[in-house]
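To start, the structure itself, in structure tokens.
The values are calculated or read from the model by the stated rules, or taken from the named source; none is laboratory data. Fair warning: this is a prediction, and the values are worked out from it, not measured in the lab. We place every Cβ from the backbone using ideal geometry, glycine too, and count neighbours over all the protein chains shown.
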Amino acid sequence: MRVCVFCASSAKVDPDYFNHTRIVAEEFVKAGITIVYGGGSIGLMGCLADSALSLNGKVVGVLPRFMEKVEWGHKGLSQLILVKDMRERKKKLIEKVDAVVALPGGCGTLEELMEVFTLKRLGKFTKPIVVLNTNGFYSHLELMIERMIEERFMRPEHRQIWTLVEQPTDIIPAIINAPRWDESAIRFAAV
């Protein structure tokens, strides 16, 4: 199984985020899951990669060339894929994965999450999307999605696009138990 993980590059965040990231890495390695992520070496990205690699896990990074030039890339990955730009990176990150997981992060993480959310709404991405809501980090986004549904910008069925979990140990069960989704979702993408 291959799982794409979106997460922060900031190293200045609350230690709880690092602790949860380490647990995610441990759970994935125990389950034999290959981690596909943004290729960074610091923040939650670095923590995820370092934790998984220290347990002999497989970690694939996808990094734009301009980030390699400023040495943001992790040097010890199982595989590092260099791409032209951020757009190609997002496409490559979700290619041939079995699920997407979002950990807390900044605008890049949010943008990646919302793009895959939109692709799933349109039936162009059909795999589970699981969001780790450490310390209620994504609670406001959950409320925003609910408001979009309540005010008919989206349909009630779109609640099934993603699953929010509170603990890292809930991620793999959420992936396994995610509602089935397929290309026919385009039929009810519009409201």
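For the condition in contact with a Phe, Trp or Tyr (Cβ under 7 Å, 6 or more places away or on another chain) and under 19 Å from Ala99 (Cβ atoms), what is the one hit in Thr163, Thr118, Thr169, Thr126?
Working: Thr163 fails: in contact with a Phe, Trp or Tyr (Cβ under 7 Å, 6 or more places away or on another chain); Thr118 fails: in contact with a Phe, Trp or Tyr (Cβ under 7 Å, 6 or more places away or on another chain); Thr169 fails: in contact with a Phe, Trp or Tyr (Cβ under 7 Å, 6 or more places away or on another chain).
Exactly one residue qualifies, and that residue is Thr126.
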### Query
Looking at (1) touching a Gly at 6+ places or on another chain (Cβ under 7 Å); (2) within 22 Å of Lys91 (Cα to Cα), can you tell me which one Ser10 breaks?
(2)
### Task
At least 3 residues that are within 15 Å of Arg2 (Cα to Cα) and touching a residue at least 24 places away in the same chain (Cβ under 8 Å) in each: list the strands (runs of 3 or more DSSP E) lying fully within region 26-117 that qualify.
34-37, 59-64, 99-102
### Query
Can you name every residue in region 149-191 that is of a type outside the set (Lys, Arg), surrounded by 12 or more Cβ atoms within 10 Å (Cβ to Cβ) and farther than 25 Å from Lys30 by Cβ?
Ile149, Met154, Glu157, His158, Gln160, Ile161, Trp181, Ala185, Ile186, Phe188, Ala189
### Summary
With criteria (1) modelled with pLDDT under 95; (2) touching a helix residue (DSSP H, G or I) at 6+ places or on another chain (Cβ under 9 Å), Phe125 comes up short on (1)
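Any chance region 6-24 includes a residue that's in a loop (DSSP other than H, G, I, E, B), touching a residue at least 40 places away in the same chain (Cβ under 8 Å) and among the β-branched types (Val, Ile, Thr)? Step through it out loud before you land on a result.
Narrowing region 6-24 to residues in a loop (DSSP other than H, G, I, E, B): 7-14.
Going one step further and asking which of them are touching a residue at least 40 places away in the same chain (Cβ under 8 Å), we end up with 7-10, 13-14.
Next, from what is left, pick out any that are among the β-branched types (Val, Ile, Thr): 13.
Checked region 6-24: at least one residue is in a loop (DSSP other than H, G, I, E, B), touching a residue at least 40 places away in the same chain (Cβ under 8 Å) and among the β-branched types (Val, Ile, Thr).
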